[in-house]
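The values are calculated or read from the model by the stated rules, or taken from the named source; none is laboratory data. What you see is a predicted model, and the numbers here were worked out from it, not measured in a lab. FYI the Cβ positions are ideal-geometry reconstructions off the backbone, even for glycines, and counts take in every protein chain you see.
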Amino acid sequence: MFSELPDDILLAILQLLDLRTAVRVGAVARRLMRLPRLLTDLVIDVGDLIPHSWDFSPHTAEHVMATYTYATRWFLAPSKERSIKSLRLAFHLKDPYLRSIGDAVVESGRAERLEFAIRAQLNFRPRHVHHAVFARRLMAFVAACPVAFGWLTSLTLQNISFSDSDMPDLLNAGNRLELLSLIRCGGSDLEGPNLRIDAPRSSLRALEIRDSLYPGIELTSLPKLDRLFCDDSFEHWAGNFYVRFGDVPRLHHVNLSSLHLYYCYGNPGQLFPAFSNLRAIHLCHLDIKKMFCLHCGRAGHFQSECSFDPLCIICSKEGHSSVSCPTRGKPLLLQSMGHAISGGGFFNIDVEPIRDEGQGDQFAAVVKFKGAPLSDSQLSDELKNLVDDLWDWQVTKVTESEFTVKFPSRATLKMSTGSGKLYLPLSKTGGEIREAFLAPHPGKALPSTWVRLTGVPRDLLEVDRLMAAMVMVRRPLEVDTLSLRKWTTEPIRMRFQCRYPERIKGTI
């Protein structure tokens, strides 16, 4: 039988259960009733007592906290058979039960680890105006139970607005406090003040701030603080929330949300040069799909994880950074080239061609109606019936009475526009048609050729000087550096673009 097991085995089993289940197990047999009060690691959470109906009337709130206070005092009744190692109490700021809870903690003896998780009243979602009421109630609880708060090693507070003096008083009362967690907490005024923590004698080692209602946090002096977690997913301050650091010599681990950092987390020593111990910075609440890499411009990863070629923001090309962009600081300049040779002159501007993929030869016409014009779809149907029913007629309305139409071939365009008249039999409508004027495509790139140069002045025997001086001959593309080194015995070779390569006899 279960009840016949030794006490130490039964206690080990009960330690793995929540308190509600442990109490139910104790009701199985009279011998087991005393065992839950011998547990050494206790978690007494008011959430275990909330009715499943979630019907939180004021009477229900009173009933829940009254039941919780009775259960806490029952579990923490002094006993010579046990010594509590860890105790976690999670409850609501509801009078008149707080003093009884604090007294029960003191009467049970000092636990090795003691944690309070104090939340707002459970029967409503508090507004900011209620936060200050909870703060006064909390500070009265601290003043009434100084011994219990002096034993605290961890404290979690939720939906409380502190005055300027509350936080120093709270830290001074908890001289063993190592972890402080603030959830949706703020100042007494919604617009301020900042949370300023100046506690040079505090034992606080970890500070956790979630959904802060403070406009900023100033850690003036926390000499033993080594971890900071600031998860500001609540966007009350629209990204203006900030954290400032003072005397925090042991701080080595910082976790900030994307409202505080956007990049530069790869080298925390440069981000916070005063922190020689800082080893890690983490970002949270980042939508990775909306983030883009500052190295390659692609979405979905960060610069420290990028494996793509760099993207230049000046010329929008990959392969080099903006610092080393060849066009950096060079304005667009129209140059006259090749005029040293009769009939070979031209004008040049160094730009990258704009790609216009899929634009081959186009055959377009303009259709103009004298009377009421047809719609785009009606004109398309007429042309399918009249010319080619398999062609995708792209009809574009230009004015109220004019349309442009793309024809499938030069032959069909000539046949349709030859007379200048267009009759559409389906709608029995007539109009004028003419071939559309299309801007001529620019010519292809000029051909290139190699040229040998002799008699070049000594002062021009550098690549950049030759490239600048030889524009009078043609557009210079490159210099054969090997021939440049042999200029005393051989001509210098350069490659040019020009209109008529045949007019250059090979040597200039």
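Scoring K384 on the criteria (1) free of Cβ contacts under 8 Å to residues at least 60 places away in the same chain; (2) charged (D, E, K, R); (3) in a strand (DSSP E or B) leaves a single failure, condition (3). Residue selection: L460 satisfies the criterion of being among the aliphatic types (A, V, I, L, M) and modelled with pLDDT of 85 or more. Inspect the range 396-418 for any residue being modelled with pLDDT under 85, of a type in the set (G, A, S) and assigned to a loop (DSSP other than H, G, I, E, B) and give the result as yes or no. Scanning the range 396-418, I find at least one residue that is modelled with pLDDT under 85, of a type in the set (G, A, S) and assigned to a loop (DSSP other than H, G, I, E, B), so the answer is yes.
Evaluated against (1) at pLDDT 85 or above; (2) in contact with a Phe, Trp or Tyr (Cβ under 8 Å, 6 or more places away or on another chain), P223 falls short on exactly one condition, (2). Of all residues in the range 139-153, those that are in contact (Cβ under 8 Å) with a residue 12 or more places away in the chain and over 13 Å from I101 (Cα atoms) have Cβ atoms under 8 Å from Cβ atoms of residues that are part of a helix (DSSP H, G or I) and among the acidic types (D, E), 6 or more apart or on another chain, in M139/D166; M139/D169. For the condition modelled with pLDDT under 90 and farther than 24 Å from P168 by Cβ, A104 does not qualify. The set of residues in the range 60-82 that are assigned to a helix (DSSP H, G or I) and either among the polar types (S, T, N, Q) or within 15 Å of E107 (Cα to Cα) (or both) comprises T60, T67, T69, Y70, A71, T72, R73, W74, F75. From (1) among the charged types (D, E, K, R); (2) outside the structural domain of Y500 (by TED's automatic domain parsing); (3) surrounded by 13 or more Cβ atoms within 10 Å (Cβ to Cβ), pick out the condition that doesn't hold for R475. Against the list (1) among the charged types (D, E, K, R); (2) outside the structural domain of Y500 (by TED's automatic domain parsing); (3) surrounded by 13 or more Cβ atoms within 10 Å (Cβ to Cβ), R475 comes up short only on (2). Only one of the listed residues (R465, R434) is surrounded by 10 or more Cβ atoms within 10 Å (Cβ to Cβ) and part of a helix (DSSP H, G or I). That residue is R465.
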